Amino acid sequence: MKSHLLSNILKGKIVFLGVGNILRADDAFGPELIARLRENTEAVCIDAGTTPENYASKIIKEKPDTVIIADAAHLGLKPGDYDILNRNDISKTGLTTHDLSPEMFIGFIEEQTKADIYMLAVQPENVSFGEGMSSAVREAIEDLVEVIKEGINA
């Protein structure tokens, strides 16, 4: 786990953008993390579901220093393990948007806000339709909420 790396990027005004399909087991990681962060932090938390591009203007309006995109991604790690990816590595994970390429979406946000953009990616165990979230990803969410709360309040 890379909790120390996560703590290092929690700087300035932060927007968390959760991406994922809540009907596809561990792909619900992003939206579920956002729901938990809303209860536990003062950070701007946006559940973008499967269409992050629809929230570009909302992100820009917030004038963030840091944007953290939370999503499940195949990283080749154990289920529930996570990594912090920088802008250049995000496009290699499979982040998808319907209207824009990930590079265009991230580039647009970066150009408009000058924010540092990262992806908080968790390794899913299962992304099948109709399945519940795995215990490994649920545990990762619990750990991440604590790390983020401590990092923001530090």
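One residue alone among GLU39, GLU62 is closer than 18 Å to LYS149 by Cα and not basic (Lys, Arg), and that residue is GLU39.
Scanning the range 26-47 for residues that are farther than 12 Å from ILE68 by Cα, aliphatic (A, V, I, L, M) and either crowded, with 22+ Cβ neighbours inside 10 Å or modelled with pLDDT under 90 (or both) returns ALA28, LEU37.
Taking the conditions (1) among the β-branched types (Val, Ile, Thr); (2) more than 13 Å from the chain's Cα centre (by Cα); (3) within 18 Å of LEU75 (Cβ to Cβ) in turn, VAL19 satisfies each one other than (2). Consider the range 39-61. How many of its residues are assigned to a helix (DSSP H, G or I), among the charged types (D, E, K, R) and under 19 Å from TYR118 (Cβ atoms)? Looking only at that region, the number is 2.
Among the conditions (1) surrounded by 17 or more Cβ atoms within 10 Å (Cβ to Cβ); (2) modelled with pLDDT of 90 or more; (3) over 13 Å from the mean Cα position of the chain (by Cα), the only one that PRO52 does not satisfy is (3).
The values are calculated or read from the model by the stated rules, or taken from the named source; none is laboratory data. Keep in mind that this is a model prediction, so the values were computed, not measured. Because the Cβ atoms are built from the backbone with ideal geometry, glycine has one as well, and the counts that use them run over all protein chains shown.
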